[in-house]
1. What is the Cα centroid distance between region A:130-192 and region A:1-79, reported in whole angstrom?
2. Using the 2.2 N^0.38 Å rule of thumb for compact globular proteins, work out how region A:96-219 stacks up: its C-alpha Rg over that value, please.
3. Taking amide H positions as placed 1.01 Å from N in the peptide plane, with prolines and chain starts having none, which residues 5 or more places from residue B:336, or on another chain, fall under 5 Å of its amide H?
4. Between the alpha-carbon centers of region B:297-329 and region B:40-95, tell me the distance in whole angstrom.
5. If you average the sequence gap of Cα pairs under 8 Å that are 6 or more apart and divide by the length of chain A, what percent do you get for the contact order?
6. Report the rotationally averaged projected area of region B:134-290 based on its alpha-carbon convex hull, in square nanometres.
7. DSSP beta bridges in chain B, what fraction antiparallel, as a percent rounded to 5?
8. Report, to one decimal in Å, the Kirkwood hydrodynamic radius for region B:3-130 based on all distinct Cα pairs.
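We did not get these values from a lab; they are worked out from the coordinates using the rules stated. Keep in mind that this is a model prediction, so the values were computed, not measured. Backbone-built Cβ (ideal geometry, glycine too); neighbour counts: all protein chains shown.
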Amino acid sequence: MSGLELLTWARGPGLVLAVGICIFGVILRLIEILALGRQADLASPRQNSTGSGWRTIFTRSLPPPGMLRRAPLTYLGGYVFHIGMAIAVFFFVPHIELFRGLLGLRWPGLPNPLVDIASIAAIIALLALLVGRLVDPVKRLLTNAGDWLAWALTFVPLITGYSAYHHLFENYTLTLAVHIVSVELLLVLLPFSKLFHVFSLFIARWYNGEISGRKGVAS
Amino acid sequence: MSASLQRGVNAFKEVIDAPVAAFFASCVHCGLCAESCLFYTETGDPQYTPIHKLEPLRRVWQQEYTLLGRLAKLVGLAKPVTDAELAAWSPLVYDSCSMCGRCSMVCPVGNDITLMIRKMREGMAAAGHAPEGLVTATQRSIQSGSPAGVKWVTVQAQIKRMQKQFGIDIPVNLENADYLVLMSSWEILNYPEYLGSVGRILDNAGATWTLSEHAYEATNSGIQIGVSDLARELVGRIVKAAEDLKVKCVISPECGHAYTALRWEGPNLMGRRFGFEVKHILEVLDDLRRSGRLKLKGSIDKPLTYHDPCQISRRGGVHQQPRALLRQIAPQFREMSDPGVMNWCCGGGGGVSANERAEPLRTIAFKRKKAQIEKLGVNTVVTSCANCRVVIEEALEHYHMNIELLGLTELVAEHLAED
């Protein structure tokens, strides 16, 4: 299969397949979680705790007092990676064109040099987090194959996207094709790996905030 | 699979609900929970990483409640939970977790790890992997009403002493009182002045109150060991006494998990709402203060700080009340680092102090509190949990620290403006 053939497949049936599996997987995983339900809490809440779950969804994005100092690499690496990745995915003009084609929605992009910086920052952050995972005893204990897989699934799209944009390899078509295929792989495995946190963390944070809020504690 | 292991795994399956599934699905193995846990920060031992303590429960979730996990189990790729594994996890789940809840405040994806430890203990206890100390304490609670084996005659003796010492009348089995006063074992055995102090304060405020011969002990080992049936039995005794006596409010004593057991888990254990209110003594004191029925005079004239008991502050929401009270009587009150809901545990909550096996670890974990107190440079620490008090007192002895430790209710009673 030539680069062009792969690109054609990736842009056509490959994309449809990947997005389809991703949507199916996300819905399945959400049902797996929510269908378990939970018992109503009969303890009367201390105060009106409406909204505490929603508040925690936002507040949990910030480090609690003292934590940034204890784990600077995890926090800063995490921020730089997530923000850089989000900029690269959602604010690179060719990506926005793709979203417009798929969803019919469009929004303004960022200048390419900015997206470039964001991508490089995300790549460096991912590498730093990888080193952190290799050397920190806590992370090493927690790490399993899924963590390496999730890291690679995120890293390859970034590095291939960067390579394609800068024409780092002679065969641009193939580079672009590999980039798209790597994104499709990411989409397919997202619901079934720890990357699913991009959806489930909203549920987790909501429950946490709601449970604490009933007791009068903003978590 | 042995019958006890089967019971344990069944209990794991039973406690897994949507929040637990969302929590496990969200964990990204970032390790930040370790940095929030004093058992890790004071030992540097990665096995004390909070989320790691839940590994067997996580695998049961994965193998039973996710499609991929079930497929893996079907083709024999899943690693089943074994009896040996649960035995190895027992020290992690019971000795190195005081269910203080700090990790639940820190986890960036929002996992309430502490809630999951509470749930996991149900399976550990069912599988026979609860520590000896907690098992005996729970047995004594069921038999005698108290984990320390305190009997009503002991309470009667304390009542007589307190009546004499405080010059008050201590009503027993009085119907229609405003408050039913409970104690923890520690208050009956070590800090009987708590009872005298509460009596004086309530009398002074013009409130009616009573003890019950059938429910004087608020401690609930069922919550700590993770056996909801027993926890229900213990809470049920209090509920019955309170409803028989038709009291308006039950006062949970200066004990952390007793409050969690009665106030937050109680109605859920009983499967119904109560016909009375449940308040921690500090909430009652602050209510009285705000309504002008708690009149205080004088002040304690030395620098002091407040140790937040986890179950009262972070897991119970009572963190402003002690400060409002202290500001009135202690002009030199100073906060230690990470005050209020981000406090560091004394190391002995959640049944750790009742678990002899955990003692060496608990002593190491106390180094966090030690460092906090030393950094602040005060010689007086006030708290509002009898268990924290016992744990801290023992640790202060161990580390040869010359620190005075006071109970807040007693301190308030000492500053009552008598009419």
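1. 18 Å
2. Working: Rg = 18.3 Å, N = 124, 2.2 N^0.38 = 13.7 Å.
Normalised by 2.2 N^0.38 Å, the Cα Rg of region A:96-219 equals 1.33.
3. B:306
4. Using only Cα atoms to place each centre, the spacing works out to 39 Å.
5. Details: 211 pairs, mean separation 88.0, N = 219.
Reported relative contact order: 40 percent.
6. Details: hull surface 33.0 nm².
Directional mean of the projected Cα hull area for region B:134-290 stands at 8.2 nm².
7. Details: 1 of 20 bridges.
Roughly 5 percent of the beta bridges in chain B run antiparallel, per DSSP.
8. Numbers: mean 1/r = 0.0681 Å⁻¹.
With all distinct Cα pairs of region B:3-130 included, I get 14.7 Å.
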